[in-house]
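Just below is one structure, and these are the notes that go with it.
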Amino acid sequence: MKYSLTLFGTLAVTTALISACNDSSSSSGSPPVVQTPVELCDGEAASPERLFLQQLSHDRVIIKWRSTNPLTEASTICFGTNPNALPASSETAATVTQTRHSEAVLTGLSPDTTYYYSVGGAPTADPKHHFRTAPVKGALPSDGNIRVWIVGDPGTSSSPVLDSGDNTDGQARGRDGYRKWLEANGGEPTDVFLMLGDNAYLDGTDAQHQTAVFEMYTDTLATASLWPTIGNHEMGSSGLSQADSVALYIPATGLPDLLPDSPMPYLNIHSLPTNGEAGGVPSGTEQYYSFDYGNLHVISLDSQVSVRNSANLQAMKDWLLADLQSNTSDWTIVIFHHPPYTKGSHDSDDALGGVDQPIFDMREQFNPLFEQYGVDLVYSGHSHSYERSYYLKNHTGLSSSFDPQIHTELANDGEPANGQDDETYWQTTATGDDKVVYTVAGNSGQATGMNAAGPHPANFYSTGSDIGSVVVDMDASTLTARFIDEHGDVLDHFIIRR
Ligand SMILES: [Fe+2]
Ligand SMILES: [Fe+2]
């Protein structure tokens with residue numbers, strides 16, 4: 001049976017309501033309030049083991065899911081602004097992908113608006129299943145703040161080898177540190193969820209993604225859109241992590257995954273924008289892309305696969321230039337896996353020609369574009385440490401060539417400004433919007449120490465012994481980035497004003 005609902009929330013049968021409205025409209029006096037009956041969805045709520053949001057923008061979102069049992073898979077979704085009355089008109093059929101993900105594209109949404117949804121198309125929504133659309137481009141959300149949560153190299157829970165010793169339960173501890181900080185600081189939810197690669201160890205299989213992504217961040221994935229970047233462990237076994245084509249993905253076991261995973265589970269799992277669906281210049285590939293969230297522009301680059309082929313590197317660079325030149329957002333964040341300045345479990349001085357060659361490629365070929373075209377923050381992982389730079393410019397060489405007097409924003413005392421207290425950074429200075437804070441944040445699942453040659457002199461704060469994550473908050477004039485450890489304590493922060 002179909003249910004109907006008046007605007008006052010009374011359940012009744014559709015025909016009876018229409019009849020009642022017709023009766024009231026015939027009375028005299030002030031114009032009648034027309035109570036439009038709303039026919040409600042009448043499906044059954046489903047609880048898929050994998051559920052996440054993709055490409056959330058101001059008017060559109062993709063909801064994607066997959067249940068363990070294909071025989072009971074839900075085929076539709078309903079959504080609306082009232083969790084207790086999802087209108088039948090919202091019912092949206094899912095398409096089923098090659099790897100048996102169901103994918104529903106919800107369109108025509110209002111900006112900066114909370115919607116509730118039911119996988120399976122029930123008339124009411126599970127309280128955990130809701131999202132808020134982005135503000136229109138250039139605007140702030142109604143709460144005045146955009147909150148970005150960033151986890152790097154998080155996926156240790158799917159590897160018994162890594163989930164051991166001092167790092168036992170490291171991924172859950174890192175996640176829970178953010179939750180503790182949220183509880184102690186007003187609980188404002190995550191608007192944008194970024195993953196910096198090595199999201200599912202050891203080799204990024206579909207099953208490892210289930211453990212390290214979908215079972216670890218279930219609540220966040222149901223309410224905020226996930227925007228990832230490719231790490232080396234997304235490319236299969238370590239021996240293949242230098243592959244320059246996703247078609248070369250082979251899991252370390254050499255055995256095919258349970259599902260048709262070729263060429264690469266990361267690309268089968270995610271539905272990333274190729275055509276500017278959420279803003280930005282169309283990239284034509286899911287391997288790198290950009291999007292807008294109000295007055296924030298985010299760019300995800302592929303430092304793992306695309307940079308290992310000179311033609312593909314140039315294509316990504318050309319696209320980045322076009323994207324940055326058309327970017328008018330107040331704030332810009334770039335993410336990719338290989339960190340330009342690190343002395344953690346990888347060393348940005350020792351990478352030339354080896355498996356970590358992309359460290360050099362990114363620093364030499366991409367950093368100048370970031371600095372020339374107004375990027376504010378760059379986040380990478382790969383080293384399982386937290387290393388945060390000064391406000392940098394023009395340093396593309398080895399650490400031995402780093403000169404703080406040349407390469408950093410200086411404080412009044414002539415030393416590099418640290419971004420805190422009376423040394424906060426200004427986005428635009430006498431020389432323009434030309435500096436960037438680079439952060440390694442690859443410690444969301446494990447902390448594996450600092451290189452004996454560290455810390456890197458370009459970095460103000462470095463730790464190889466703390467697990468945690470990063471939260472970035474921004475309004476129209478101030479951006480604050482914090483590193484939050486597993487206890488919910490802020491170990492580092494900096495502020496950029498504009
Ligand atoms: Fe890693
Ligand atoms: Fe890595």
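The values are calculated or read from the model by the stated rules, or taken from the named source; none is laboratory data. Computed from a prediction, not measured in an experiment: that's the story for all the values here. FYI the Cβ positions are ideal-geometry reconstructions off the backbone, even for glycines, and counts take in every protein chain you see. Accessible surface is based on the protein model in full, side chains and every heavy atom, while ligands, DNA and RNA are left aside. Shrake-Rupley method; radii C 1.70, N 1.55, O 1.52, S 1.80 Å.
Restricting to the stretch 370-389, and then to whatever is open to solvent by 10 Å² or more (accessible area, probe 1.4 Å) and not in a loop (DSSP other than H, G, I, E, B), can you tell me which residue is nearest to ligand 1 (Cβ to nearest atom)?
It comes out as 371.
Looking at 445, 449, 468, which one is within 16 Å of ligand 2 (Cβ to nearest atom), open to solvent by less than 10 Å² (accessible area, probe 1.4 Å) and either in the same structural domain as residue 192 (by TED's automatic domain parsing) or charged (D, E, K, R) (or both)?
After applying the criteria, what remains is 445.
Hey, could you check the stretch 194-243 for residues that are of a type in the set (Ser, Thr, Tyr) and assigned to a loop (DSSP other than H, G, I, E, B) and say which is surrounded by the most Cβ atoms within 10 Å (Cβ to Cβ)?
229
Suppose the filter is in a loop (DSSP other than H, G, I, E, B) and either within 16 Å of ligand 1 (Cβ to nearest atom) or crowded, with 16+ Cβ neighbours inside 10 Å (or both); does residue 178 pass it?
no
Enumerate the strands (runs of 3 or more DSSP E) found wholly within the stretch 433-495, keeping only those where 2 or more residues are touching a helix residue (DSSP H, G or I) at 6+ places or on another chain (Cβ under 9 Å).
The qualifying strands (runs of 3 or more DSSP E) are 436-441, 468-474, 478-485.
Touching a helix residue (DSSP H, G or I) at 6+ places or on another chain (Cβ under 6 Å) and part of a loop (DSSP other than H, G, I, E, B): is that true of residue 99 in this structure?
yes
From the set of residues in the stretch 409-432 that are within 21 Å of residue 380 (Cβ to Cβ) and in a strand (DSSP E or B), which is least open to solvent (accessible area, probe 1.4 Å)?
425
List the number of the failed condition for residue 239; all other conditions in (1) at pLDDT 95 or above; (2) of a type in the set (Gly, Ala, Ser); (3) within 16 Å of ligand 1 (Cβ to nearest atom) hold.
The number of the failed condition is (1).
Conditions: (1) at pLDDT below 70; (2) open to solvent by 50 Å² or more (accessible area, probe 1.4 Å); (3) of a type outside the set (Val, Ile, Thr); (4) out of contact with any Asp or Glu (no Cβ under 9 Å at 6 or more places or on another chain). Residue 2 meets all but one. Number of the miss?
So residue 2 meets the others, but not (4).
Taking residue 60 and the conditions (1) modelled with pLDDT of 95 or more; (2) open to solvent by less than 30 Å² (accessible area, probe 1.4 Å), which numbered condition does it fall short on, given that it satisfies the others?
Of the numbered conditions (1) modelled with pLDDT of 95 or more; (2) open to solvent by less than 30 Å² (accessible area, probe 1.4 Å), the odd one out for residue 60 is (2).
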